[in-house]
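Peer 1: Can you read through this structure? Questions will come right after.
The values are calculated or read from the model by the stated rules, or taken from the named source; none is laboratory data. Remember, predicted model here, so these are calculated numbers, not experimental data. Neighbour counts are summed over all protein chains in view; Cβ atoms, including those assigned to glycine, are modelled from backbone coordinates with ideal geometry. Quick note on the areas: whole protein, heavy atoms, side chains included, nothing else; ligands and nucleic acids left out. Shrake-Rupley method; radii C 1.70, N 1.55, O 1.52, S 1.80 Å.
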Amino acid sequence: MRTVLITGIGGYVASLVAGALASQPNLAVIGVAPELPPQPLDGVRLQQCDMSANSLLQLLEASAVDVVVHLDGVEPRALRDDRRGYLFRTVELLGACAQAGVRRVVLRSSTLVYGARPDAPLFIDERAPVVPPERAGAVLDYAEVERVAAEFAARHPALSVAPIRCAGIVGEGSPLERYLRRRPAPVMLGFDPRIQVLHAQDAALAFALAALADGLDRPVNVAASPPLPLSRAILLAGGRPLPLPPGLIAAAELRRDGQLHGVSALLSTVTAPVDRLLDDLPFNSAFLRYGCVADTRRAAELLGWEPQHSAEETLGALAAAGA
Amino acid sequence: MMEADTGASRPKDSAPEPTEPQAQQPAEETTGGAAAPQAASDSAGRESEVPIGGAGESAEELRRETAAAVEELEVEVRNHGEGQSEAHDVAAEALRLIRANLERLSPPALQRVARLVRENLLSSDYLDPDFWRGLAMVLRYQVDEIAGLLRRRSRGEYTLDAYGMDQELIDIVRPFAAFLYRTWWRVTALGLENVPASGPALLVANRSGMLPWDSAMIATAVLEEHPQPRLVRSLHAGWLASVPVMAPALASFGQVPALPENAARLLAEGQLVCVYPEGTRGAGKLFWDRYRLAPFDAAGYLRAALDAGAPIVPVAVVGAEEIYPMLGDARPVARLLGLPYFPLTPLFPWLGPLGLIPLPSKWTIVFDTPIAGEHGAGADDAAVGRLSDRVRSRIQALLDENAPRG
């Protein structure tokens, strides 16, 4: 009998993971969150937890947890005020896990941690370095959490950490979904990078498989296939792409960061009305210029994971849901 | 697609209408534009009246009939022109292009083209200037129509592969590339049998010219003349991925940034890959250095080929060095624009975008016999280095053999 604990059980993906694992024989599934979902989940023991190191440790030891799937993350509540909290909570969780003898922690991460670079391969595999973006946001949080977790795992050989790097998940109401459905959705004039998406059910399947994959101790990319040009993804999702000149986008970002002063600030007020369009981008504007497409062969190899939903299908469903 | 043509008024067509004034037959008006199409005339007596838009005639029939008529004319022009000036070849190739484009047209556009063809091509003698004007008019109409078709494509109508390649776009552009291949650069392709009909293979070619016309012509050679037409995926300089418009366009045509990882992936899929190991050093070569290979950077790609068990085919492109004779390199301007070089040719930048029209040099593309890899996967660096030297000297030898002296 093994025990898997899922954090952030109130989230959509977490509930799907719990559902997928609950049907496994010889497996106990515990779901924890500061606020529990109103409905019970079949075959899942729900437990309220304030996510502090102490209460986690008690819980982990009492239930002899083998694997933790950490989904108490930044998304889809990326705009919540506790951004720093994700890193902090993860550190607390890792400490408790190491002390309680948990064997593996499965983390949620993003394929965008490889960064938007013109010289990146067309399919980036997991050996590529993580390049934290300069600007704050969900991607930076993931990159930082991955770095801290890898350092932690290096110091605790009994605990392995497996970040599941997900392409933009569709189905949980994320900022990416809102962006893809916008009319107009700003894109960069003269560029059309490829992007990847991932159906929430496929993401959940990957987390569930990672929880069951003994010995998994390295990052794994997961994404639906095929990668699509951004403008096409927007069209498929029911949005309408609006190409904006790169300069305008750069000015809007600098202004938002308060980095424009004097004459340039004065000049840029001319284009200020455009800023509103660039609010709530799911990633920084570098990803409007260069793509970041992950190679998912390791997921097939180590997890036996294959996406069940194509990118077109996933985005088509999004358009249908919005209409 | 029916609305595709309505309202597409092109008043410019009416101005150079080379046909003799003829009776208007408004019943045949299908485009609804201001183009005032001339009625078909039997005056030349070489074509019976085809009822346009009439009942009982499907678009496919019209397409077939028009194609047959154009082909007949093409053969006639070709036969007549044998041993004579190149003008005949150009005319015949233009007719061939018109014929290929027919496949792409929507029914209303097809009807209009059929009428234009009948009035302006079939009725006039091909030595007549009117014939040439007619050719230009039909082609221009087709180009406008096809460009409109591309613009109107939106969702769900076309598919792309995982690298962003747009097969439909390639099919559309292919006849135009073939036209350039045959008439503009009059390419002679030698040794195409050295390109494997299936399975992975790595072509290694010399790079020249500011724009990747050489990769376009290598691809056209394999598409048009190889017994088993295949798509060549060229690797382009990585910095092009930072150039607006260029980046997505290259991806649509199946070109990918030059990185050994990308080559390895394509070869593992069994694709035909072409790499230019001179890279930017080759494209930014000055005119007097032409056909002298710049330093090579091929090790990563050769290793990818060895790992995939892909034959390595040296390719020499002769003629592309002359299309933009680069007399100087304005380095300060290049630095300012963030480009690796800024070419000064007799026409560029002095004539602006017109200076980008490549000169019509005569090309030869030689595909050498594949180099058998005596080392399999996992060859050491020294072995790969020797292989790289061998490929380089083979290409240089081919260039020396085929390049014009001077």
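Peer 1: Filter the stretch B:298-307 down to residues that are within 14 Å of chain A (Cβ to nearest Cβ) and over 21 Å from B:VAL366 (Cβ atoms) and give me whichever is most open to solvent (accessible area, probe 1.4 Å).
Peer 2: Going through the qualifying residues, I end up with B:GLY300.
Peer 1: If the Cβ limit is 7 Å and pairs must be 6+ apart or interchain, which residue in the stretch B:329-345 that is within 17 Å of B:ALA237 (Cβ to Cβ) pairs with which residue that is in a helix (DSSP H, G or I) and of a type in the set (A, V, I, L, M)?
Peer 2: Note: pairs meeting the criteria are B:PRO340/B:ALA334; B:TYR341/B:ALA334; B:PHE342/B:VAL333; B:PHE342/B:ALA334.
Peer 1: Out of everything in the stretch B:132-156 that is of a type outside the set (Ser, Thr, Tyr) and modelled with pLDDT under 75, what residue ends up being nearest to the chain's Cα centre (by Cα)?
Peer 2: Selected residue: B:ARG151.
Peer 1: Please count how many residues of the stretch A:46-66 are out of contact with any Ser or Thr (no Cβ under 6 Å at 6 or more places or on another chain) and crowded, with 17+ Cβ neighbours inside 10 Å.
Peer 2: 6
Peer 1: Identify all residues within the stretch A:146-155 that are free of Cβ contacts under 8 Å to residues at least 60 places away in the same chain and open to solvent by less than 30 Å² (accessible area, probe 1.4 Å); write none if there are none.
Peer 2: Within the stretch A:146-155, A:ALA149 is the sole residue that qualifies.
Peer 1: Here's something else I'd like to know. Going through the stretch A:93-124 one residue at a time, which ones are under 12 Å from A:LEU60 (Cβ atoms) and of a type outside the set (A, V, I, L, M)?
Peer 2: A:GLY95, A:CYS97, A:GLN99, A:GLY101, A:ARG103
Peer 1: Let me ask you something else. Working carefully through the options A:LEU302, A:LEU315, A:LEU254, find the one that is touching a residue at least 12 places away in the same chain (Cβ under 8 Å), surrounded by 12 or more Cβ atoms within 10 Å (Cβ to Cβ), part of a helix (DSSP H, G or I) and within 14 Å of chain B (Cβ to nearest Cβ).
Peer 2: A:LEU315
Peer 1: Let me ask something else. Please find, among B:PRO108, B:PRO196, the residue that is open to solvent by 10 Å² or more (accessible area, probe 1.4 Å) and not in a helix (DSSP H, G or I).
Peer 2: One residue alone meets the criteria, B:PRO196.
Peer 1: Go through A:ILE164, A:ILE169 for me and flag whichever is closer than 16 Å to A:ALA311 by Cα, away from chain B (no Cβ under 11 Å) and open to solvent by less than 30 Å² (accessible area, probe 1.4 Å). Spell out the reasoning first.
Peer 2: Details: A:ILE164 fails: closer than 16 Å to A:ALA311 by Cα.
After applying the criteria, what remains is A:ILE169.
Peer 1: In addition: For the stretch A:97-145, give me the residue count where each residue is within 14 Å of chain B (Cβ to nearest Cβ), buried (at least 19 other Cβ atoms within 10 Å of the Cβ) and at pLDDT below 90.
Peer 2: 0
Peer 1: Consider only pairs whose beta carbons are under 6 Å apart and that are at least six residues apart or on different chains; among these, list those whose first residue lies in the stretch B:243-259 and is within 8 Å of chain A (Cβ to nearest Cβ) and whose second residue is charged (D, E, K, R) and buried (at least 21 other Cβ atoms within 10 Å of the Cβ).
Peer 2: B:PRO248/A:ASP192
Peer 1: OK, next. Just the residues that are within 20 Å of B:TYR301 (Cα to Cα), at pLDDT below 90 and surrounded by 14 or more Cβ atoms within 10 Å (Cβ to Cβ), please, taken from the stretch B:357-383.
Peer 2: Listed by number, the residues that qualify are B:ILE371, B:GLY373, B:HIS375, B:ALA379, B:ALA383.
Peer 1: Restricting the stretch A:214-225 to residues that are assigned to a loop (DSSP other than H, G, I, E, B) and either within 14 Å of chain B (Cβ to nearest Cβ) or open to solvent by less than 20 Å² (accessible area, probe 1.4 Å) (or both), which is nearest to B:ASP161 (Cα to Cα)?
Peer 2: Checking each candidate, the answer is A:SER225.
Peer 1: I would also like to ask the following. Being away from chain A (no Cβ under 14 Å), in a helix (DSSP H, G or I) and under 17 Å from B:ASN194 (Cα atoms): is that true of B:ALA219 here? Don't jump to the end; show me each part of the working.
Peer 2: Working: away from chain A (no Cβ under 14 Å): yes; in a helix (DSSP H, G or I): yes; under 17 Å from B:ASN194 (Cα atoms): yes.
In short, yes.
Peer 1: Of all residues in the stretch A:10-26 being touching a residue at least 40 places away in the same chain (Cβ under 8 Å) and open to solvent by 10 Å² or more (accessible area, probe 1.4 Å), which is farthest from the chain's Cα centre (by Cα)?
Peer 2: The selected residue is A:GLN24.
Peer 1: While we're looking at this one, here's another question. Scan the stretch A:95-146 for residues that are within 23 Å of A:LEU288 (Cα to Cα) and in a loop (DSSP other than H, G, I, E, B) and report the count.
Peer 2: 21
Peer 1: I need the full set of residues from the stretch B:372-390 which are in contact with a Leu (Cβ under 7 Å, 6 or more places away or on another chain) and within 26 Å of B:ALA219 (Cα to Cα), in order please.
Peer 2: Keep residues of the stretch B:372-390 that are in contact with a Leu (Cβ under 7 Å, 6 or more places away or on another chain), which gives B:373, B:375-377, B:379, B:384, B:387-388.
B:GLY373, B:LEU387, B:SER388 - these are the residues of the stretch B:372-390 that are in contact with a Leu (Cβ under 7 Å, 6 or more places away or on another chain) and within 26 Å of B:ALA219 (Cα to Cα).
Peer 1: Can you confirm whether the stretch A:174-187 contains a residue that is open to solvent by less than 20 Å² (accessible area, probe 1.4 Å), within 11 Å of another protein chain (Cβ to nearest Cβ) and either touching a residue at least 40 places away in the same chain (Cβ under 8 Å) or of a type outside the set (Asp, Glu) (or both)?
Peer 2: The answer is yes, given that some residue of the stretch A:174-187 is open to solvent by less than 20 Å² (accessible area, probe 1.4 Å), within 11 Å of another protein chain (Cβ to nearest Cβ) and either touching a residue at least 40 places away in the same chain (Cβ under 8 Å) or of a type outside the set (Asp, Glu) (or both).
Peer 1: Also, quick follow-up: For residues that are more than 14 Å from chain A (Cβ to nearest Cβ) and acidic (Asp, Glu), scanning just the stretch B:260-296, find the one that is surrounded by the fewest Cβ atoms within 10 Å (Cβ to Cβ). Explain how you work it out, then say what you get.
Peer 2: Step one: list which residues in the stretch B:260-296 are more than 14 Å from chain A (Cβ to nearest Cβ), which gives B:270, B:272, B:274-278, B:281-296.
Okay, now just the ones that are also acidic (Asp, Glu), so B:278, B:289.
Numbers: B:GLU278: 24, B:ASP289: 13.
Per the stated criteria, the residue is B:ASP289.
Peer 1: Confirm whether A:LEU236 is surrounded by fewer than 16 Cβ atoms within 10 Å (Cβ to Cβ), aliphatic (A, V, I, L, M) and either within 14 Å of chain B (Cβ to nearest Cβ) or under 27 Å from the mean Cα position of the chain (by Cα) (or both).
Peer 2: Working: surrounded by fewer than 16 Cβ atoms within 10 Å (Cβ to Cβ): no; aliphatic (A, V, I, L, M): yes; either within 14 Å of chain B (Cβ to nearest Cβ) or under 27 Å from the mean Cα position of the chain (by Cα) (or both): yes.
When the stated conditions are applied, A:LEU236 does not pass them.
Peer 1: Follow-up question, since we're still on this one. Regarding the stretch A:259-278, can at least one residue be identified that is exposed (fewer than 13 other Cβ atoms within 10 Å of the Cβ), under 27 Å from the mean Cα position of the chain (by Cα), part of a helix (DSSP H, G or I) and without any contact (Cβ under 8 Å) to a residue 12 or more places away in the chain?
Peer 2: Within the stretch A:259-278 (the criterion being exposed (fewer than 13 other Cβ atoms within 10 Å of the Cβ), under 27 Å from the mean Cα position of the chain (by Cα), part of a helix (DSSP H, G or I) and without any contact (Cβ under 8 Å) to a residue 12 or more places away in the chain), the answer is yes, since at least one residue qualifies.
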